[in-house]
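Read through the structure below, which is laid out as structure tokens, and then see the notes.
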Amino acid sequence: MKLDGFADPWEHTRLLSDAERNQALIALLTRHSPGNRVVEVGCGTGLLSCISAKLGAKKVWAVEPTPLWELAAQMVEDNKLGHIVEVLEGRVQDVEVRPVDLAFSELLNGDPFFEGVLSASRAVAPWVVKGGILAPRRLRVYGALCRPYSSAHEVELAHEQLRPLGDAYDLDLRGLRDALRSDESYRQFSHIEYPVGPATLLYDIELGSDEEPPESMYAILTANEAGPISGAMVWFEADYDDNLVMSNLPGTPNHWGQLVLCWSQERGVREGEEVRVQVTVEDEELDIQYLP
Ligand SMILES: C[S@@+](CC[C@H](N)C(=O)[O-])C[C@H]1O[C@@H](n2cnc3c(N)ncnc32)[C@H](O)[C@@H]1O
């Protein structure tokens with residue numbers, strides 16, 4: 001989801017519904033707000049910036065590019081926090097640098113790079129004074145094989161439907177059949193898929209630095225049981241502070257779910273088989289493809 005999506009209050013309802021997420025961010029603010037200068041990159045509704053002020057921050061800059069900045073500004077006014085919290089309309093890349101002790105954001109996504117956490121962290125890093133904190137400061141992305149039911153089965157079912165329709169109406173459907181066997185993964189966000197193999201660390205990136213994921217790389221994902229596989233899933237861990245990690249690890253309660261990349265064909269694997277995949281990041285979208 002790019003910036004437009006965040007103008008929709010539903011997106012903020014979803015993330016604010018996530019108690020673990022909220023608690024982790026508030027733990028960070030509790031540790032590092034008192035007496036400090038803070039910037040929130042992407043303040044959305046403005047709630048966390050106001051909480052930072054209530055926790056004793058001496059100055060908070062709340063940066064927000066979507067029209068929600070007006071809601072944030074209203075919240076600041078309603079709570080008489082205007083002497084501490086200043087809402088800045090724009091992307092962090094486009095506003096003037098200010099010195100802060102804490103720069104924080106929550107630009108995480110089931111598709112880990114999709115909300116621009118790398119470029120926003122790089123843009124805000126110069127705001128952080130020596131000894132200050134950039135949060136999150138490190139992002140690890142993991143991948144594992146999985147067995148999503150839908151896509152490969154749907155492809156089979158669609159082909160089964162087409163065969164008699166072509167015969168019944170005397171249509172040449174070869175072009176259509178080829179077109180329906182897409183090489184691209186079908187992308188889902190799911191809370192119900194589970195990995196069928198151990199996690200492979202795909203990226204470990206220092207946020208705020210110039211590090212970028214390669215546009216394309218090979219990786220090995222291992223199957224821990226014999227049977228069909230039909231995709232790969234992805235999750236992240238973001239280091240916010242010492243002993244403060246935010247993650248959408250499968251099986252944990254979180255609003256993100258996991259990015260599931262469904263392939264158009266099932267493949268049979270042996271227990272312990274190492275499957276070679278191609279991992280790409282294009283326009284901040286991650287994909288994992290099976291390599292025959
Ligand atoms: C996932 S929401 C988090 C909102 C709020 N920080 C919270 O945790 O409740 C991310 C917010 O960051 C904003 N955003 C995205 N890219 C940004 C950028 N480059 N600079 C500033 N804000 C950005 C979005 O518009 C959105 O409101």
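Coordinate-derived values only; no laboratory data. The structure displayed is predicted, hence computed values, not measured ones. Neighbour counts run over all protein chains shown; Cβ positions are idealised from the backbone, glycine included.
Of note:
- Extension gain from residue 129 to residue 204, taking 0.36 nm per residue of separation minus the Cα-Cα distance: 24.6 nm
- Cα gyration tensor category, rounded, prolate or oblate, for segment 62-106 with a/c compared to 1.5: oblate
- Shape of segment 28-187 from the C-alpha gyration tensor: prolate (a/c of 1.5 or more and a/b above b/c, with a ≥ b ≥ c the square roots of its eigenvalues).
- For the pair residue 11 and residue 252, the difference between a 0.36 nm per residue extended length and the Cα-Cα distance amounts to 84.8 nm.
- Pairwise FRET efficiency - residue 54 versus residue 94, Cβ, R0 = 22 Å, nearest 0.05: 0.20
- For segment 27-41, putting each phi into the Karplus relation 6.51 cos²θ - 1.76 cosθ + 1.60 with θ = phi - 60° gives couplings of 4, 4, 5, 5, 6, 10, 7, x, x, 10, 9, 10, 10, 9, 7 Hz, in residue order, rounded to whole numbers and with x for Gly and Pro.
- Note on residue 80: aspartates and glutamates with a C-alpha under 18 Å away, same-chain residues under 8 apart excluded, are 70.
- Amide N proximity, segment 2-25 versus residue 78 label position 7 Å along Cα-to-Cβ, cut-off under 15 Å: 9, 13
- Neighbour count of at most 13 Cβ within 10 Å plus DSSP loop: longest chymotrypsin sites (Phe, Trp or Tyr not before Pro)-free window in the chain: 1-148
- Protection-proxy order for peptides 267-274, 192-199, each taking the mean of Cβ atoms within 10 Å per residue, highest first: 192-199, 267-274
- 5 angstrom amide H check on residue 88, placed H, neighbours 5+ away: 62, 63, 64
- Within segment 75-145, the GluC sites (Glu not before Pro) that combine a DSSP coil assignment with at most 14 other C-beta atoms in a 10 angstrom radius are 96.
- Shape call, segment 1-116: gyration tensor on alpha carbons, a/c limit 1.5: rounded
- Cross-link reach list, aspartates and glutamates versus residue 58, counting only Cα pairs under 12 Å and skipping chain neighbours closer than eight places: 86, 101
- The chain: calculated mean residue ellipticity at 222 nm from DSSP helix runs of at least 4, using -39500 (n - 2.57): -8000 deg cm²/dmol
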